[in-house]
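Just passing along the structure, written as structure tokens.
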Amino acid sequence: MSLLDQYEQQYAALIAEITAHIGRLQQQSNNSERHELCGKIDTSLPEAQELLEQMGLEVRELNPAQRTSFNGKLQVAQAEFKRLQAEYRQTRDKQRSQANTFTTLDLGDSYEDVSISTDQRQRLLDNSERIERTGNRLTEGYRVALETEQMGAQVLNDLHHQRETLQGARARLRETNAELGRASRTLNTMMLRALREKVVLYGVGVCFVVAVGVSLYLTFAPSSSSPVTL
């Protein structure tokens with residue numbers, strides 16, 4: 001699992017925890033419990049913000065195809081984080097306002113409390129549905145990222161095979177050039193040998209012609225130079 005996947009899982013778990021705390025805070029009437037929940041939320045929100053920043057840094061290191069996919073997921077996560085911040089502020093302000101306005105509860109307010117509790121349960125259900133939709137989007141984004149990673153691995157594998165093919169072709173080309181070089185040297189050697197043989201043959205022919213000429217001259221020259229007798 002990559003570091004980005006780890007950040008993503010930690011962020012999803014932290015957002016679910018913050019959402020659950022906000023839901024409990026909306027239903028909580030005890031001051032000490034509210035303060036405890038607010039403390040947990042105040043601690044978790046900066047951690048979620050830091051995880052978002054770390055995810056943003058990791059996304060920058062991805063290739064363009066993966067970066068496009070994860071940027072969409074990161075934007076969804078940032079929007080969800082801002083929504084939770086706004087909801088927490090509204091809930092905290094509402095709780096503080098209620099704490100300052102109502103110091104005691106009487107029987108006449110019981111029906112109002114029931115209606116508020118029902119409204120809070122509905123809001124909690126809505127928050128749960130939003131969390132589920134966010135989880136589904138994150139899961140879908142993760143699936144798309146896995147498919148993109150598989151496609152990238154396949155492309156790299158194809159490029160590796162093509163590189164091996166090119167290297168093999170280059171090696172065969174070098175062998176062919178070496179063979180051509182040896183054949184060229186052999187042909188030059190044969191041409192030089194044939195030229196030497198032609199020179200020798202021409203020399204032998206010249207010597208033969210000269211020898212024949214000399215022989216004819218020596219044969220006929222004395223008879224032509226002898227004195228004539230009457």
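The values are calculated or read from the model by the stated rules, or taken from the named source; none is laboratory data. Computed from a predicted structure; not experimentally measured. Neighbour counts run over all protein chains shown; Cβ positions are idealised from the backbone, glycine included. When the accessible area is computed, the model is the full protein with side chains, heavy atoms only, and any ligands, DNA or RNA have been set aside. Shrake-Rupley method; radii C 1.70, N 1.55, O 1.52, S 1.80 Å.
Which of 211, 178, 77 ends up with the largest GNM mean-square fluctuation for the chain, with Cα atoms connected below 10 Å?
211
Residues with beta-carbon under 14 Å from that of residue 4, excluding residue 4: net charge, scoring Lys, Arg +1 and Asp, Glu -1? Don't skip to the answer; put the middle values down first.
Values: positive: 60, 67, 73; negative: 5, 8, 53, 58, 61, 149.
Once all neighbours under 14 Å are counted, the net charge is -3.
Across the chain, how many lysine pairs, 8 or more apart or on two chains, come within less than 21 Å at their alpha-carbon atoms?
Final tally of qualifying lysine pairs is 4.
Relative to the longest principal axis of the chain, what angle (0 to 90°, nearest 10) does the C-alpha long axis of helix 3-27 take?
10
Ignoring ligands, DNA and RNA, what percent of the accessible area of the chain is carbon or sulfur (1.4 Å)? The partial results should precede the final answer.
Working: 9840 of 16700 Å².
Taking all protein chains in place, the chain shows 59 percent carbon and sulfur surface.
Further, regarding this structure: Starting from the Cα of residue 49, step 7 Å along the direction of its Cβ; do the same at residue 136; then give the gap between the two resulting points in nm.
About 3.1 nm separates the two model spin labels.
May I ask for the net charge around residue 179, where only other residues with Cβ less than 14 Å from the Cβ of residue 179 are counted and Lys, Arg are +1 while Asp, Glu are -1? Walk me through the numbers on the way to the answer.
Details: positive: 172, 174, 182, 185; negative: 175.
The answer is +3.
What accessible area per residue comes out for the chain, rounded to a whole number of Å², with a 1.4 Å probe?
Values: 16700 Å² over 230 residues.
On a per-residue basis, the chain sits at 73 Å².
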